[in-house]
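First the structure, in the form of structure tokens, and then the observations on it.
No lab work stands behind these numbers, since they all come straight from the coordinates. Worth saying up front: this structure is predicted, and the values here are computed from it rather than measured. Glycine gets a Cβ as well: all are built from the backbone with ideal geometry, and neighbour counts include every protein chain shown.
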Amino acid sequence: MKVRLYDAALVRHLKRAAKERARRAGRKSARGKWWKGGGGSPAAFWWIWLLANAVRVMAQPGNAPQLKGYVLSAMSLALAGVALSQARKLVGKLTTDGERVVLLFYPISNKDFFVWAALRFVARTVWIPVLAFATYFLTNDAAGTQGWVIQIAAALSEWLIVLCAVFALARYVDKYARWLPLVLYIAAGALLFSPARLAEILQPLALALPTGWLHVLMAGGRAQRWEAHVILVGLPLVGLLFATLYNRLQVVYCKDETTVPRQEGQAADFVGRASGTELSPEEAELQEELESAEEAPAFPIQATWQKQRLANWGAQAAEYIWRRDWMRLWDWQQLPPIERAAGWCLNQREKGEAQFLLGPKPPAWSEKWKIAVIATAVAFAVMLSGLEKLYFLAVLASAVAVALGLPLLGGNWPVTNQGSISGKLSPIFGCYPLCYWSAGWTMFKLNAVRTAAWVPLGLLLGVLNAKSTQASPAQGCWVVARCILLFLMVMPILLAGKFSKVTNDTLNLRLRLVPLVGAFVCVVFLMITLGAVALLVAPGPWAFPFIVATGLVAWGTWAAYGCYYDRAQVDLLRERS
Amino acid sequence: MQIRIDKVSKKFSSVWALEEVSLDLEPGQVVGVLGANGAGKTTLLNCLAGIVVPSRGRIYYDGEEFRRGKMELRRRLMFLPDLPMAFARMNVLQHIAMCVRLFERPEPDATKVAKILDQLNILALAGMPLGTMSRGQLYKSGLAALLVIDPELWILDEPLASGMDPMGIAYFKRESKSAGTRGRTVVYTTQILEIAEKFSDRICVLDHGGLRLTGKAGELWGGEGKGSLEQVLLDLRDQDSMP
């Protein structure tokens, strides 16, 4: 059976019929749109990447062949990252995504679903050959019809190789780290924009990747010679490999689940195996249950057992309720150092509010800080080693130290997670009386404590930065100090964003909102200007007035958004994307 | 709490979900909001709870205009959506404690809490994370928090189709009636007409975003034994239907 979900012709037909009936009945049109446009695609990011490539290749005098090699190597790295991330995505689509879950309730076989989902997945990667072709067009000098044919064949090969990698990796997604694609993207970007330092390390790596051989053949405009024939012969072979991997994955995915019937005497085996060892209460209970299950029908015994167990739990729960532990706030004094310090800054009401903002469990800021310390130490060690080839590791470690130690983008607040209200999304705090002003102030205090705890690490990173730029350590520290102050100053805007992101204030923009949006753009521009002056232009202590001015603008914007949030037509409800 | 809904309209994109709804509700009433799917029932509740802001019109609680920023007013009402908003990793008791703090209520009597949980048959689940509960159990947990808080205005979306078992629904009805006698106002939506007829002090029928009918259950069809709510709704639909 061929699965035709979302049959476009049938949908068009039904839509026409429904509209016709609604029109004849004089009813209002159906609410909302029939179809929503899709969300952002990763392809958008790759077009930016391509544009950056184009600018770089075009800007190079004489389009140096070496640079083209760098671009193709960077593409190898990036597409390896794409293969890794897309493999995980494919697995998600086949196992846990919404469509898979929904279709479990319909009579569709695993095979039909696999074909449908896999082909849809393949169709959505069509941007890869387009991107590859555009890159070859920029970097390959082959001319005429043959040149076009080679470039198209290479682009298709590129696509098939990535798909082969995706289908091969799909069975092993739990074997590699989630951050691996990101590392490859960063490596690709680094190679593209700093090839002199990194080419020696990254180019051999790129060559070893699945698409590396193709890029060697296509580099330097040699594609009209024997290499062209290799590509043309390689295309059907890669196609064959893809078909094989597709079929293998299909076989694995569609393998029927085998059910092992309970063997006679299974309970006795269990008891036999368990004898001689001391059983835990749970095991003893299970053993008893298994033994009784062989003598009597399972259900009544299970019901009795459950009833007793529930009764016991009920008694325990009641005891727990009477002890009133559940009403107590977190004991901030017992939490790790950074959390404890945060507790000192909050009064009793704010502690309750912070507990709501942070969700069910105390934050793990101190743990993150410790990892940031390790990352800073790694960065320091790399820089002190003097191995320039490894400097990118220092940059990566510094990025980790910043990302874990600082509440970037305003920090993580579980209370802004969204739940469903009649099919639409609303933040958790929507149903509870959470005050924008006091919540914002509490969030600011907590973020400020985290930032203060990060200051020593920041100063160390400043010293490192000074070493790489031949500046004095004091100058490096001064740069970091200004950055931290600016970060604290812009924090209110980030916190307003935490509220804004769960409202519909930026959706369905109406004409009367245009001035507001314009004003916001002006504010952002003003803040960037003031921040840039404070960081780059103002000498010494003259930076402070600009930092303070940035803070005033940010707090003003936070307050203005608060008034808007409290009074204007901002709904705590968003359509599902 | 005296509630006045004054010509409230709400527009989503190009669609008016509510159109000029005006309603006065006295304290101590159990109000059932009925209507077809998409009639605007949940939007009306969202407006009452401050989740959605009316495009036009105003809502007054005890004569004071309601806005999201007015925390004193918001602490006097509690909204229980069709799927209660809660942290999945909290248990029922932690959820209740969180609500008590947010609504600035005094520490509740432990016996009362245990009794509510017992009556709702979730006492044994008191230590279980909310994320692992069934829909009905989750709704009961939200309802337990509402009963502990006991706000002046209860706003409940589809409590009778929330997955609660018959005992849970019976307890909800009993507690709502009792809340009414204490001067609380209970506004709820439902599609179960038989229960709405007997349980509600007042019924409001929404249709295409507008308030079509409102009154005491019997009054809507001219008295006991002379018709039914179902007939009233079918008549409304016939008035609307195509020729």
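Table for the structure above
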read-out: Inter-chain shielding of B:79-89 (mean C-beta neighbours from other protein chains, 10 Å cut-off); value: 6
read-out: Ranked by how many other beta carbons lie within 10 Å on average, peptides B:204-212, B:42-50, B:126-134 from highest; value: B:42-50, B:204-212, B:126-134
read-out: Full-stretch length increase - residue A:567, residue A:525 - with 0.36 nm per residue and alpha-carbon distance subtracted; value: 12.5 nm
read-out: Cα-projected label distance for residue A:194 with residue A:96, points at 7 Å along beta-carbon direction, nm; value: 3.5 nm
read-out: Signed unit charges on C-beta, dipole axis of the stretch A:390-543, positive-most listed residue A:401, A:485, A:411; value: A:411
read-out: Inter-chain shielding of B:125-131 (mean C-beta neighbours from other protein chains, 10 Å cut-off); value: 3
read-out: Between the stretch B:77-151 and the stretch A:352-387, the Cα center-to-center distance that results, in Å; value: 34 Å
read-out: Part-to-part distance (alpha-carbon centres) for the stretch A:505-561 and the stretch B:172-191, which is given in Å; value: 49 Å
read-out: Selection from B:8, B:52, B:191, by position along the positive dipole direction of chain B (Cβ); value: B:52
read-out: Computed over the stretch A:318-421: relative contact order in percent, which uses C-alpha pairs under 8 Å that are six or more apart; value: 26 percent
read-out: Value in Å of the Kirkwood radius, where the stretch A:349-429 supplies the Cα pairs that are averaged; value: 15.2 Å
read-out: Pairwise Lys count, chain B - Cα closer than 14 Å, eight or more residues apart or different chains; value: 7
read-out: Sequence-separation-based contact order of the stretch A:386-510, relative, with Cα cut under 8 Å and 6+ spacing, percent; value: 26 percent
read-out: The stretch A:468-572, relative contact order [Cα under 8 Å, separation at least 6], %; value: 46 percent
read-out: Within straight-line cross-link reach of residue A:111, lysines at Cα separation under 18 Å, skipping those fewer than 8 residues along the same chain; value: A:2, A:93, A:255
read-out: Where labels lie 7 Å past Cα in the beta-carbon direction, separation of residue B:231 and residue A:24 in nm; value: 3.1 nm
read-out: Most positive-pole-ward Cα, B:166, B:143, B:71, against dipole of the stretch B:56-191 from beta carbon charges; value: B:71
read-out: Charge tally in the Cβ shell below 11 Å around residue A:415, where Lys, Arg are +1 and Asp, Glu are -1, residue A:415 excluded; value: 0
read-out: Size of charge dipole - the stretch B:163-209 - debye, nearest 20, with Cβ of Lys, Arg +1 and Asp, Glu -1, no other charges; value: 300 debye
read-out: Between the stretch A:139-180 and the stretch B:1-29, the Cα center-to-center distance that results, in Å; value: 58 Å
read-out: Chain lengthening between residue A:145 and residue A:120 when straightened (0.36 nm per residue, less Cα-Cα); value: 5.8 nm
read-out: Separation of the residue B:24 and residue A:208 label points, Cα + 7 Å toward Cβ, nm; value: 8.2 nm
read-out: Phi to ³J(HN,Hα) by Karplus 6.51 cos²θ - 1.76 cosθ + 1.60 over the stretch B:189-206, Hz, x for Gly, Pro; value: 9, 7, 10, 8, 5, 4, 6, 4, 4, 8, 8, 8, 7, 9, 10, 10, 10, 9
